[in-house]
Amino acid sequence: MPGKNQFVYNKWMVVELEKKKDVFLQTAYMNGIPTEQRAFGIVVGSGRKGQTYLYWDKNSLYQLPVSYYTPANDWCNSPGYSENYIRFDRPIPATCLECHSTYAESKEKKDGGTVFNKKSILYGVDCERCHGPGAAHVAFHTQHPEAKTASNIISAKNLSRQQRLDACAQCHSGLRKHTQPAFSFTVGQKLDDFSTPNYDVDTVGNLDVHGNQYGLLTACRCFKMTAQLDCSSCHNVHVSERQNMTAFSQRCMSCHNVNGVAHDSCSYKPPTGIILADNCVDCHMPLLPSKKITLKLANESTVEADMVRTHFVNVYQEATKRFVEKSR
Ligand code: HEC
Ligand code: HEC
Ligand code: HEC
Ligand code: HEC
Ligand code: HEC
Ligand code: HEC
């Protein structure tokens, strides 16, 4: 955690982060006078990129003003909040937990706010969110320990391409417009019957690279020109393969060859010292700045964009230049 446990907005406004008797708190100070203090209720995010903290007010959740941004190991203004003013008032809807937890029972209030049943919340993204409800599966195998084939659980292998994509798209296609309550979709069903995308797949230029891996991937030629490419073509979701560019590049090469003459091989002639097969990713799926998530760090005066891995696989001349420069 950062050395200095405060976020300075300007010379009048500061948020202090502190721990008192096992409780983490964020306290707002205006001209040195404490004005609002709230305790951390729920932590959202593994910390891979960052973490946002929510607080309880009765049975409703709100976002705390300050978040943590991993790449800089520093505090930042929480996403959705201005970097110029302390706010505690962003209400958290069920859809936020729909992507960031396994289950949360909730009711919408007349004023549009949301009340949660605190005891119902299952943290983390569990097997069930991708394989369907597993209670019956667990019960079956407890009673029939001799059974070797999985029953009463959805096997990803038996799903169609769209069903497999929908299993990931429920959380990885950006913000969607819900036509059914949160948590009503289960794997195997048609996602568009529960929520509709709020972007136009044909205008990729305007699509934000943050959180919409599905929208970007399905717009690129690797996807359009094949019948089988889906998220599992590159990701093994049961293990983290972060930063393992050679492993990812192997998956590209299951369809593309390198230094070949075929039209589907890399046509780039790299300077000596660069081996294409080591890292297709940084040239063809570069990190690009998010248009949606921008933040200001506690010790910086500028506002920066979060960098996200685009899933629109393509030729990126600028990224190629940067990669070649960096590899020298
Ligand atoms: C219930 C929502 C949900 C579903 C369903 C889901 N994801 Fe995710 N996924 C997330 C969230 C949230 C994160 C960010 C977690 C974090 O770092 O805090 C994430 C992170 C990831 C990452 C980055 C992990 C890393 O270690 O770098 C990959 C890759 C990924 N998901 C792939 C998939 C694929 C493929 C599927 C479908 C088989 C899928 N996810 C289904 C919510 C979901
Ligand atoms: C983020 C989504 C996701 C989560 C969470 C997840 N899985 Fe999977 N799982 C998949 C996908 C996608 C496949 C198919 C992989 C492939 O096609 O190669 C799969 C395959 C499997 C298989 C092989 C049989 C089959 O269905 O094809 C087993 C067994 C399995 N998962 C068990 C689990 C268990 C147990 C958990 C919880 C500890 C879990 N999975 C969590 C997405 C997920
Ligand atoms: C449509 C699904 C979805 C919704 C709704 C959503 N998120 Fe996320 N969020 C994701 C996914 C997927 C990732 C990781 C992938 C990425 O960075 O593109 C992520 C990443 C994050 C991270 C960074 C975690 C990390 O270390 O990777 C934080 C913090 C976060 N979300 C907070 C929130 C909060 C707070 C809300 C509600 C106000 C929210 N998200 C709503 C899907 C969602
Ligand atoms: C399932 C097979 C498959 C996988 C896996 C795959 N691709 Fe492709 N890719 C294709 C096909 C097919 C095309 C279209 C070729 C054509 O237009 O003749 C394509 C097109 C491309 C293009 C040209 C894009 C354009 O719009 O002109 C690039 C660059 C590319 N792929 C790089 C990659 C990289 C890098 C990876 C790994 C991260 C990858 N591909 C993974 C099948 C695949
Ligand atoms: C052609 C290969 C390929 C396919 C297909 C693919 N991904 Fe990825 N994905 C990658 C690579 C490479 C990375 C970067 C890994 C790293 O930086 O360690 C990545 C990173 C991610 C991340 C982390 C994002 C970030 O900015 O850190 C998420 C989330 C993710 N993928 C989800 C998905 C989902 C969901 C799908 C299906 C819609 C999918 N991916 C399909 C290759 C692929
Ligand atoms: C140093 C950056 C770099 C690396 C590494 C790299 N490429 Fe390329 N690739 C390019 C550039 C740039 C082009 C466009 C052709 C040119 O400008 O010479 C290209 C062209 C391609 C094309 C043809 C695209 C088209 O529309 O004709 C494919 C397919 C491709 N690369 C796949 C791959 C695969 C797969 C890997 C990894 C094994 C890889 N590339 C590694 C930079 C790179």
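Rule-based calculations on the coordinates, nothing more; no lab input. In this text the structure is predicted, and so the values were computed from the model without any measurement. Backbone-built Cβ (ideal geometry, glycine too); neighbour counts: all protein chains shown.
Values computed for the structure shown
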{"item": "Whichever lysines have a C-alpha closer than 16 Å to that of Lys177, once near sequence neighbours (fewer than 8 apart) are set aside", "result": "Lys190"}
{"item": "Relative contact order (%) - region 1-125, alpha-carbon pairs under 8 angstrom, separation at least six", "result": "17 percent"}
{"item": "Relative counts (whole %) of C-alpha pair distances in the chain, using bins that are 10 Å wide", "result": "5, 21, 28, 25, 16, 6, 1, 0"}
{"item": "Debye equation applied to the C-alpha atoms of region 1-125, log10 I(q)/I(0) at 0.13 Å⁻¹", "result": "-0.54"}
{"item": "Highest-first arrangement of 24-31, 91-98, where packing means the average Cβ count within 10 Å", "result": "91-98, 24-31"}
{"item": "Amide H contacts under 5 Å for Val308, placed H, 5+ residues apart", "result": "Leu288, Ser290"}
{"item": "Calculated log₁₀ intensity ratio I(q)/I(0) where the Debye formula runs over C-alpha points of region 208-328, q = 0.11, 0.17, 0.18 Å⁻¹", "result": "-0.43, -0.98, -1.08"}
{"item": "Ranked packing of 74-83, 240-249, most packed first, by mean Cβ within 10 Å", "result": "74-83, 240-249"}
